[in-house]
């Protein structure tokens with residue numbers, strides 16, 4: 001059952017959250033109102049390792065995105081410590097297939113669709129800084145090739 005929302009409300013996980021002085025719509029007895037969210041924070045140790053490998057690049061910014069911590073070069077995402085564990089790396093879409101064939105990386109899937117140019121690397125495949133450094137180089141190299149945002 002689709003419920004309409006009034007101004008000042010935001011639908012979150014089957015329940016209505018109030019923004020400002022709006023009045024609630026819907027009922028707590030509604031089965032859609034019962035929901036459990038298992039929030040997983042990103043791996044702060046992995047984020048620290050990524051930060052260390054990128055170094056003090058003046059074009060680097062960090063931004064919380066998708067529940068993780070993204071590292072952007074000139075406004076373009078290069079790599080992120082993912083909320084799903086491991087790293088999410090932006091790569092040249094033309095290199096995606098070869099990287100998938102030669103590494104243990106998997107495509108990033110959002111809403112049931114593989115995203116060209118985005119790969120997920122498990123934490124299990126990043127135990128050393130040398131292994132992580134190659135992914136950091138791929139991600140930052142591709143981000144640098146893009147126009148600044």
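The values are calculated or read from the model by the stated rules, or taken from the named source; none is laboratory data. As the structure is a computational prediction, the values presented were derived from the model and not from experiment. Heads up, the Cβs are rebuilt from the backbone with ideal geometry, glycines too, and the neighbour counts pull from every protein chain shown.
Would you say residue 94 is farther than 18 Å from residue 55 by Cβ and surrounded by fewer than 21 Cβ atoms within 10 Å (Cβ to Cβ)? It is true that residue 94 is farther than 18 Å from residue 55 by Cβ and surrounded by fewer than 21 Cβ atoms within 10 Å (Cβ to Cβ).
Return the only residue of 133, 101, 94 being in a helix (DSSP H, G or I) and in contact (Cβ under 8 Å) with a residue 40 or more places away in the chain. The conditions single out 133.
Taken together, the residues in the stretch 69-85 that are in contact (Cβ under 8 Å) with a residue 60 or more places away in the chain and on the phi > 0 side of the Ramachandran plot amount to 2.
Pick out the one residue from 67, 75, 48 that is in the same structural domain as residue 135 (by TED's automatic domain parsing), at pLDDT below 95 and surrounded by fewer than 19 Cβ atoms within 10 Å (Cβ to Cβ). Before you say what the answer is, go through the steps one by one.
Numbers: 75 fails: at pLDDT below 95; 48 fails: at pLDDT below 95.
Answer to the check: 67.
Just so you know, in the stretch 101-114 the residues that are closer than 23 Å to residue 47 by Cα and out of contact with any helix residue (DSSP H, G or I) (no Cβ under 9 Å at 6 or more places or on another chain) include one that is surrounded by the most Cβ atoms within 10 Å (Cβ to Cβ), and it is 108.
Just one of the listed residues (117, 141, 85) is in the same structural domain as residue 55 (by TED's automatic domain parsing) and assigned to a strand (DSSP E or B), namely 117.
Looking at the stretch 109-122, which of its residues are touching a strand residue (DSSP E or B) at 6+ places or on another chain (Cβ under 9 Å) and at pLDDT below 95? Correct list: 109, 110, 114, 115, 116. Scanning the stretch 52-77 for residues that are closer than 17 Å to residue 129 by Cα and in contact with a strand residue (DSSP E or B) (Cβ under 7 Å, 6 or more places away or on another chain) turns up 54, 71.
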